[in-house]
Amino acid sequence: MSNDQVLSFISLARKAGRVKGGEFSTEEAVKKDRAALVIVASDASDNTKKHFRDMCDYRKIPFIIYSDSVSLGRAMGLEFRMSLAICDSGFAKALQEKIEKQEAARRNTDGKNQNL
């Protein structure tokens, strides 16, 4: 699973109207129980990551640190985004599966390279 496929899926969810992007909109979606998954860019500040992790832990919403703000922004059709909320459980589940498969493939590739 390539990084582009995950970002393309985020873009698809955005086009379907199932994504809220940006810190304010993400926080609002979490507080109003609309978020099914929260994604924060890896280059977000530690404070931003902690803020969203704590909010999601409290409300039992899956939380993922993924990609970078420019890539997330492009998937949203914007310049950059530090955070976004997927507001549909079907999209959220499929996206989590795609990210998990990608991470598993990356770990397998890294493990094979270390054995060479």
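Every number in this text was worked out from the coordinates using simple rules, so none of it is lab data. Keep in mind that this is a model prediction, so the values were computed, not measured. Neighbour counts are summed over all protein chains in view; Cβ atoms, including those assigned to glycine, are modelled from backbone coordinates with ideal geometry.
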Subject >> Inter-site label distance for Ser89 and Ala104 at 7 Å from Cα along Cβ, in nm >> reply: 2.3
Original post:
So what is the relative contact order for the chain, in percent, with contacts set as C-alpha pairs under 8 Å and at least six apart?
Top reply: 36
Original post:
Given charges of +1 on the Cβ of Lys and Arg and -1 on the Cβ of Asp and Glu, with all other atoms neutral, how large is the dipole of the chain about its Cα centre, in debye to the nearest 20?
Top reply: 320
Original post:
Using a basic spin-label model with each label point 7 Å from the Cα along Cα→Cβ, how many nm lie between Tyr58 and Ser8?
Top reply: 3.8
Subject >> Euclidean distance between Cα centres, the stretch 12-26 to the stretch 51-109, Å >> reply: 11
Original post:
Which pairs, out of Lys31/Lys60; Lys20/Lys60; Lys15/Lys50; Lys50/Lys98; Lys20/Lys93; Lys32/Lys60, put more than 20 Å between their alpha-carbon atoms?
Top reply: Lys15/Lys50; Lys50/Lys98
**OP:** Report the net charge of residues surrounding Ser8, where surrounding means a beta-carbon distance below 11 angstrom and charges are Lys +1, Arg +1, Asp -1, Glu -1.
**Re:** +3
Subject >> Net charge, Gly77 excluded, C-beta distance under 11 Å - Lys, Arg +1, Asp, Glu -1 >> reply: +3
Original post:
Among the GluC sites (Glu not before Pro) within the stretch 54-113, which fall in a DSSP loop and have no more than 10 other Cβ atoms within 10 Å of their own Cβ?
Top reply: Glu79
Original post:
Along the charge dipole of the stretch 56-96, which of Ser83, Pro62, Gly73 sits closest to the positive end, that is, farthest toward it, with unit charges on the beta carbon of Lys, Arg, Asp and Glu (+1, +1, -1, -1)?
Top reply: Pro62
Original post:
Given the chain, what percent of its DSSP beta bridges are antiparallel, to the nearest 5?
Top reply: 70
**OP:** Positive end of the charge dipole of the chain (Lys, Arg +1 and Asp, Glu -1 on Cβ, about the Cα centre): tell me which of Phe9, Ala105, Ile39 has its Cα farthest that way.
**Re:** Phe9
**OP:** As a check on your grasp of the helix formula, calculate [θ] at 222 nm for the chain: sum -39500 (n - 2.57) over DSSP H runs of n ≥ 4, divide by the residue count, round to the nearest 500.
**Re:** -19000 deg cm²/dmol
Original post:
Out of every Cα-Cα pair in the chain, what percent are more than 24 Å apart?
Top reply: 22
Original post:
If you line up the long axis of helix 46-59 against the longest principal axis of the chain, both from Cα atoms, how many degrees apart are they, to the nearest 10?
Top reply: 70
